[in-house]
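The values are calculated or read from the model by the stated rules, or taken from the named source; none is laboratory data. Nothing here was measured: the structure is a model prediction, and the numbers come from that model. Positions of Cβ are generated from backbone atoms using ideal geometry, with glycine treated the same way; all protein chains shown enter the neighbour counts. Only protein heavy atoms, including side chains, enter the accessible area calculation; ligands, DNA and RNA are left aside. Shrake-Rupley method; radii C 1.70, N 1.55, O 1.52, S 1.80 Å.
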Amino acid sequence: MTDKSLTTSIRENYQKIQRKVSDVAQLAGRDPESVKVVVVTKKQPLSVVESVIEAEVTILGENYPEEAVSKMQSLDEKNTVEWHMIGHVQSRKARLVAENFVLLHSLDSLKLARRLDRFAAESDRKLPVLLQFNVGGEESKFGWDASDESQWENLLPDVETLLSLENLEICGLMTMPPFFKDAELTRPYFCQLRRLRDYLSDLYPQVKWEQLSMGTSVDFHVAIEEGATFVRVGQAVVGQRPI
Ligand SMILES: *Cc1c(COP(=O)(O)O)cnc(C)c1O
């Protein structure tokens, strides 16, 4: 049994976010269907995940492979929710990710990529991934440093190696920009990720660089204006995370 009042409040929050996503997309001249909301349930207990599924959320985002897989295994098998991995993955957790997630948003190193490629092959699948770039250049953030546009060329050898891994399917880019109270200040970083996508897509047109995963509870509207196709929204849908 799920907690009815929790499910109701999650459903209301989710619908409110969906309406805002759709309004912002339309105002920006974009197809509202081109933006998907990933509801982030990291650190939330199973009971919250059950309510989220009951509230008809379609995509869940998790940060810790073991936590996520344990939730998957405890859930009723009837659900059709999609699980996305959005957090940093240690190489030794690569197998869990290759076997259990529909999309990895946060591919951030060649070492991880090679392991994912190997485990995806063993599971006889092609794993869809997004490449994570650190557009703010912060020490604390994962991803390839893409803060200095004049150095983007230096990213290309790694990108080419990634493209050669046959069991990974690169679908786009992801970023986690510096945090600002004022969402407007995040705009240049979202814009930078989109420009990087355009740069890579000119150089490697054989790849579908379609997806841009950017924006959280506080700034997803700005991210959509700048081209986000996935927004990763946690607290605005499910409330505060337990610490
Ligand atoms: C936690 C997290 C989010 C969601 O943040 P909220 O503030 O809860 O919306 C999005 N992306 C990543 C990578 C996260 O770790």
Revision key, fill the gap. Put E77, E33, E67, E184 in order of accessible area, largest first, probe 1.4 Å, and you get E77, E33, E184, E67
Exercise for review: For region 197-232 and region 1-72, compute the distance between their C-alpha centroids and round to whole Å.
Suggested key: 19
Review point. Can you tell me the accessible area per residue over the chain, all protein chains present, probe 1.4 angstrom, in square angstrom?
Key: 49
Practice item. Work out how far the C-alpha atoms of region 191-243 reach from end to end along every principal axis, then list the three figures in whole Å, largest first. Key: 43, 18, 15
Check your understanding: For L127, L165, what's the largest-to-smallest order of accessible area, 1.4 Å probe?
Key -> L165, L127
Study note, to complete from the structure: The simple spin-label model distance between L185 and S150, using points 7 Å out along Cα→Cβ, in nm, is 2.5
Study note, to complete from the structure: Cα-based Rg then Dmax for region 143-242, in Å, read 14.7, 43
**Study point:** Dipole in debye (nearest 20) - region 73-164, about Cα centre, beta carbon charges: Lys, Arg +1; Asp, Glu -1
**Key:** 520
Point to revise | Calculated [θ] (222 nm, deg cm²/dmol) that DSSP helices of n ≥ 4 give over the chain, each run adding -39,500 (n - 2.57) | key: -12500 deg cm²/dmol
Point to revise | region 35-135 - percent of accessible surface contributed by carbon and sulfur, probe 1.4 Å | key: 45
Check your understanding: Can you list the aspartates and glutamates whose alpha carbon is less than 16 Å from that of K36, not counting same-chain residues fewer than 8 positions off?
Key -> D23, E56, E62, E82, E210, D219, E225, E226
Study note, to complete from the structure: Expressed as a whole-number percentage, the relative contact order of region 4-236 with C-alpha contacts under 8 angstrom and at least six residues apart is 18
Exercise for review: Any chance you could get the radius of gyration and Dmax over the Cα atoms of region 4-236, in Å?
Suggested key: 17.3, 53
Exercise for review: For region 101-184, just list the percent of Cα-Cα distances falling in each 5 Å bin from zero outward, please.
Suggested key: 3, 14, 24, 23, 16, 10, 6, 3, 1, 0
Check your understanding: What is the magnitude of the charge dipole of region 4-236 about its Cα centre, with +1 placed on the Cβ of each Lys and Arg, -1 on the Cβ of each Asp and Glu, and no other charges, expressed in debye to the nearest 20?
Key -> 540
Exercise for review: Identify all aspartates and glutamates with a Cα-Cα distance to K208 below 17 Å; exclude those on the same chain that are fewer than 8 residues away in sequence.
Suggested key: E160, E166, E169, D198
Point to revise | Hull shadow area, averaged, region 40-154 [alpha-carbon convex hull, nm²] | key: 8.2
